[in-house]
Every structure is written in structure tokens, then in C-alpha cells.
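The values are calculated or read from the model by the stated rules, or taken from the named source; none is laboratory data. Only a predicted model underlies this, so the values are computations on that prediction, with no experimental measurement involved. Positions of Cβ are generated from backbone atoms using ideal geometry, with glycine treated the same way; all protein chains shown enter the neighbour counts. Please note that ligands, DNA and RNA were not included when accessible areas were found on the heavy atoms of the full protein model with its side chains. Shrake-Rupley method; radii C 1.70, N 1.55, O 1.52, S 1.80 Å.
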Amino acid sequence: MDVATADCSFEAEIDWHPDYADLSVTSPNDLNTIRDYSTSPSHVLMGIVTLSHADRNVYPSAGVLFVHVLEREHFKGEFPPLSQTCNDPITFNTNLMGYPDRPGWLRYIQRTSHSDGVLYGSPTAEHVGKATIIEITAYNRRTFETARHNLVINIMSTEDYPLPYQAEFFIKNMNVEEMLASEVLGDFLGAVKNVWQPERLNAINITSALDRGGRVPLPINNLKEGVYVMVGADVQFSSCLREVENPHNQLRCSQEMEPVISCDKKFRAQFDIDWCKINLVDITKVVTIHSNRPDPGTGVLPDIGEYNPPSEFLKSRDFFADFLITLAVPSAVAMVLFTILGYSMCCRREGVDKRNMQTPDIQLVHHSSIQKSTKELRSMSKNREISWPLSTLPVFSQSGEVVPPIHPDNYETTSMPLMQTQTSWYCRAW
């Protein structure tokens with residue numbers, strides 16, 4: 001494993017020397033060796049001098065996980081003295097020099113403005129020999145001041161890239177920034193080495209489950225997002241890692257049950273691994289498919305010179321004809337439609353005479369006799385002598401005036417109430 005992966009927090013304190021590139025970590029004890037070598041007086045002096053410059057150089061290896069921590073305490077020195085004593089919120093922005101974003105292989109995460117930021121990723125062989133300059137801008141969210149440093153990533157080649165046997169584990173009880181810590185990653189690699197027993201073991205890549213389409217966990221019971229960790233080795237997979245491929249465990253996985261893995265106890269104390277999602281890849285048996293797709297290019301538009309705006313002395317244009325066409329044509333159409341509608345409604349009415357002429361005589365006589373009988377019955381009902389109810393007798397209002405009976409002469413009125421309040425009449429009678 002590369003030194004940049006072995007101790008990511010220590011990498012933020014000093015810059016890596018090219019002599020570190022040949023070092024690898026095969027067990028957590030090797031971290032102490034690297035730390036002792038790097039904390040010798042000559043190397044500490046080199047680290048202190050480098051911190052005073054804007055550019056920092058790191059030397060990751062191709063195919064090995066690269067981790068670089070952006071420590072808030074380091075950037076506090078770039079702000080006024082008052083900011084150094086306060087716990088100001090600081091955020092970081094990282095991008096490739098001259099571009100708005102980072103390279104495709106490099107990712108960045110910072111959980112909160114009071115936590116350190118982390119750059120991590122796995123460079124490939126195509127990036128070897130190309131110096132990648134990352135601009136790091138720190139923002140003080142209280143004073144709105146900024147500080148900018150440059151990180152120069154010099155990717156080095158390795159003889160055994162890529163490692164032929166790769167295994168990807170899904171750890172359910174970790175977030176990506178927790179797994180990137182050197183101590184945690186070292187413990188995990190030590191557990192994998194005890195199970196796999198390789199001569200060389202490297203962490204290849206770390207990916208958050210959210211980047212694989214996972215869902216954000218609910219903020220209860222300290223749930224984690226989950227993280228995928230890919231490691232590579234130079235020997236065949238152990239029998240323990242292949243236990244998940246047997247039919248019994250495949251059946252349990254299809255039923256959403258945990259498979260029975262004999263070496264799970266070596267991870268269970270610290271890492272909750274979903275063995276159903278483990279992925280074992282033998283690169284020696286992978287068939288490479290060559291496509292004839294064209295080269296996508298660099299993604300940068302060609303330089304076509306400066307923008308040349310149109311001249312201020314443009315030829316004038318008369319829009320009167322366009323205005324007439326736009327206004328006159330719809331108006332003429334609307335007038336024609338209005339004329340047709342008015343003729344149909346006002347000049348095409350049948351009238352009563354025309355209706356009677358088209359109606360048979362027998363039907364008109366029948367209708368006329370019904371109307372006459374109805375009028376005769378109504379006139380006879382008005383002349384009947386009946387005794388009116390008390391509620392219709394004359395009453396006196398509070399002023400002493402006689403109120404006429406409420407029954408009208410016209411019996412066709414149906415809106416008159418049947419009873420009327422007799423409060424004044426009863427009070428006078430009492």
C-alpha cells in the first residue's frame with residue numbers, strides 16, 4: 001500500500017519525498033516504521049519548510065488508494081490572528097488548475113464546516129508522469145476571508161500494477177470519511193491480510209454507497225451510509241472468501257439472509273461486512289473488449305479568437321408592413337365571423353307566425369281550448385265566497401293604523417307567507 005494511503009493524517013503534516021514511493025504497508029505495524037522514518041530531524045525540517053510555501057508535492061502510485069487530508073488547523077495560520085484562536089467554520093473548494101472541477105479519479109468530501117476535508121481517489125496508469133496541480137481554496141465562513149494553496153500530485157508507476165486478484169467489500173457500519181482514517185483503514189487491511197495471506201496487499205479504491213445509488217440513511221440509531229472498499233493482492237483468493245460462492249450461501253443471500261462465513265468473526269468486532277455484496281475479480285481471466293469508439297478528446301473547445309460583436313451601424317428596417325399584416329388580417333377574419341353570427345341570430349329567426357303556419361290546425365285548436373279552459377277556471381275561483389282564516393283578518397300595527405288583510409285579490413301570488421306575526425294585535429287585546 002502507498003504511504004499516502006498508509007497514514008493520511010500524517011500526510012497533512014509533512015510532504016512526501018520521492019524516496020517514500022517504494023515503501024508499502026502490509027500490516028498496521030509498518031505504519032510505525034514510516035512514522036519513525038518521517039519524524040527524523042532532517043525530514044521534520046523539510047516538512048516545516050514546505051508548509052511555508054504555497055505548493056506541496058505528493059507522490060502517490062498508480063492503482064493504489066491516494067488520501068490527502070485538508071486540516072483546518074493548518075489553514076488557520078493563513079487567516080488573521082483572531083481566527084486562529086476561534087473555532088471558525090472553514091470549508092474548502094478543490095479544482096484542477098485552469099478547470100472548474102477535479103480530475104475524474106479524484107474525489108473530495110467534507111462532512112461539516114468544522115471537520116477536515118479529504119481528497120481521495122485511485123489514479124490509473126494513464127496519469128503516470130503527468131503532474132496534476134490541484135488548487136485548494138479555504139473559506140473562513142465567519143470573516144469571509146480565503147486562503148489558497150496548490151497541491152502538486154506526481155503519480156508514479158508501479159511494477160505490479162494492477163494486482164491480479166481484487167476483492168471488493170461492502171462495510172455497512174462506516175461512512176467514507178471514517179474509513180479513510182489511517183488507523184481504521186490499517187485495521188481493515190490487517191484483518192484482510194489475516195484472512196487472505198497475500199505477500200502484497202494494497203487498498204485500491206474506496207467508494208461511498210451513495211455514489212453507487214444507495215439511499216441516505218435515516219438519522220436514527222446511528223445509521224451509516226456504508227462504504228465499498230476494494231483491495232488487491234498477488235495471490236489467489238482464500239477459501240474463506242470463496243465461501244460466499246457456494247450454493248447454500250447463494251440461496252441464503254437470495255432470501256435476504258446472512259450467509260455463513262467462517263472468517264466473519266475476524267471482521268465482526270469492528271467491521272460489519274455484507275458478505276452477499278462481496279465481489280471477487282480475477283483480472284487474469286477478464287476478457288478485454290476493444291471498441292472502435294472515437295477518442296472523446298480533451299473536452300476543451302478550440303480557440304476561435306475573440307468575440308466580434310455586430311456593427312453599431314446596422315441597416316434600418318421598416319416594420320409597418322409587418323404590423324399591418326399582424327393586425328389587419330386577424331381583424332378582418334374576426335369581422336367576417338361577427339357578421340355571419342349576427343345574420344344567423346337576428347335575420348334567421350322564425351317568429352310566431354311562421355311557427356303557426358307550420359303547425360297543424362288540429363294541434364292549434366287543441367292548444368287554444370286548453371288555454372281558454374284554464375283562464376275560465378281561474379276567473380271562477382276568484383268569485384267564490386269563503387270564510388277567511390283568523391290570520392288573514394285586519395290587524396292593527398303599533399302605530400294604531402289598520403293593516404289590510406294579507407290575502408290578495410290575485411291568487412296567483414305564491415310568495416306570501418301563510419301566517420303573519422300577530423304580536424301587536426295580541427298585546428292590544430290583552
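Pairs with C-alpha atoms separated by more than 25 Å, drawn from the list LYS172/LYS266; LYS76/LYS224; LYS172/LYS285; LYS76/LYS172; LYS130/LYS224; LYS193/LYS285, are LYS76/LYS224; LYS172/LYS285; LYS76/LYS172; LYS130/LYS224. Just the protein heavy atoms count here, and of the accessible area of region 227-291 at 1.4 Å, carbon and sulfur take up 54 percent. Between ASP322 and THR124, the contour length at 0.36 nm per residue exceeds the Cα-Cα span by 65.0 nm. Working from label points 7 Å from Cα in the Cα-to-Cβ sense, the ARG349 to HIS367 distance is 1.7 nm.
On full extension, the segment bounded by ALA334 and GLU245 gains 24.2 nm, given 0.36 nm per residue less the C-alpha separation. Entry comment: accessible area of region 187-323 is 74 Å² per residue, from protein heavy atoms only and a probe of 1.4 Å.
When you restrict to C-alpha pairs under 8 Å that are six or more residues apart and normalise by the size of region 115-272, the relative contact order lands at 23 percent. Simple spin-label estimate for SER157 and ALA269 gives 4.2 nm between the two label positions (7 Å along the Cα-to-Cβ direction from each Cα). Sparse packing (at most 13 other Cβ atoms within 10 Å of the Cβ) combined with a DSSP loop state is found for the following trypsin sites (Lys or Arg not before Pro) in region 97-173: ARG111, LYS130, ARG141. Distance between the modelled labels on ARG142 and ILE109, one decimal in nanometres: 2.8 nm (7 Å Cα→Cβ projection).
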